[in-house]
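**Q** A single structure is presented below for examination.
The numbers here are math on the coordinates, done by the rules we state, and not lab data. Everything quoted here is computed from the prediction, not taken from an experiment. Every residue, glycine as well, gets a Cβ built from its backbone with ideal geometry; the counts of neighbours run over all protein chains shown.
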Amino acid sequence: MRTLRNIAVILTLLVPFSVAAQSSVVVELFTSQGCSSCPPADKILLDLERDENVIVLGWHVDYWDYLGWKDEFSSPESTARQMGYRERWDLRSLYTPQAVIHGETQVIGSNRRKIEMYVDQFQAEEPVLGLEIIADGEQLKVNVSALTASLPEAGVYLLEIIPTSTSMIGRGENAGRTIEYINVVKDMSLIASWDGRSGSDLSAEIARDKSYVILVQANDFGPVLGAAYVN
């Protein structure tokens, strides 16, 4: 059976707004300011963000914080998400930097060649999800619909992100370095569960001065079915 990949997105912001369609691949990076191997992976994420067909997310884990420098963006929630992927793929341990591409495969986060290979591969697949987003002030409306049969049950999530940030690292393995970050995940909340078949009209509250991503992902850390920026 064909693996589920990519999305069709109809994005409308601050009604009325021109409607555009796109297919996006989601690249998640599990990283830490306390990890000396992570800055090259952070740079790859910056480069990938320039591709309008790629959505990047930076998850800062907290298990490096005891080595002399506490990552200002780290959270137990980021570590818990990485643990979910570890259990799904039966990995022996957590590690950074780790890149997860479209919820379907994982590679070392500094391996640009493999990351770009998978991004190209997933972008070539047909969309499986229709995603209509309307942001009107502090109210976000989301319509989710299946474009193919037999989609799995999924969660529809709202992620608050920090679009750009520059950090000067004072101690630890990266002491003295200045590192740029993109789309750091600050918070993730479940809007609703979706049955994978019927159309669903959902809503959530957002703040005008913050940036978000809508993520639709199969249950149990399965494939990403759809995603879109909400700026």
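**Q** For a protection proxy built on the mean count of beta-carbon atoms within 10 angstrom, sort 167-174, 46-53, 205-212 highest first, please.
**A** Per-residue Cβ counts within 10 Å, averaged per peptide and sorted highest first, yield 167-174, 46-53, 205-212.
**Q** For the chain, how big is Rg over Rh, using alpha carbon atoms and the Kirkwood form of Rh?
**A** 0.96
**Q** Additional query: Enumerate the amide H contacts of D136 below 5 Å, restricted to partners 5 or more residues apart or on another chain; note that Pro and chain-start residues carry no placed amide H.
**A** Long-range HN contacts for D136: L14, K141.
**Q** What's the lysine pair count for the chain at a Cα cut-off below 23 Å, pairs eight or more apart or interchain? Kindly include the intermediate steps, with their values, before the conclusion.
**A** On the way: K43/K70; K43/K114; K43/K186; K70/K186; K141/K186; K141/K210; K186/K210.
Taking the chain as the scope, the lysine pair count is 7.
**Q** S193 versus D120, label points 7 Å from Cα toward the beta carbon: distance in nm?
**A** 4.0
**Q** Cα axis of helix 38-48 to longest principal axis of the chain: angle in degrees, 0 to 90, nearest 10?
**A** Compared with the principal axis, the helix lies near 30 degrees.
**Q** Further question: May I ask you to compute the full-extension gain from R177 to D220, defined as 0.36 nm times their residue separation minus their alpha-carbon distance, rounded to one decimal in nm?
**A** 11.8 nm
**Q** Can you give the helix-only mean residue ellipticity at 222 nm for the chain, where every DSSP H stretch with n ≥ 4 adds -39500 (n - 2.57) and the sum goes over all residues, rounded to the nearest 500 deg cm²/dmol?
**A** My calculation for the chain gives -5000 deg cm²/dmol from helical runs alone.
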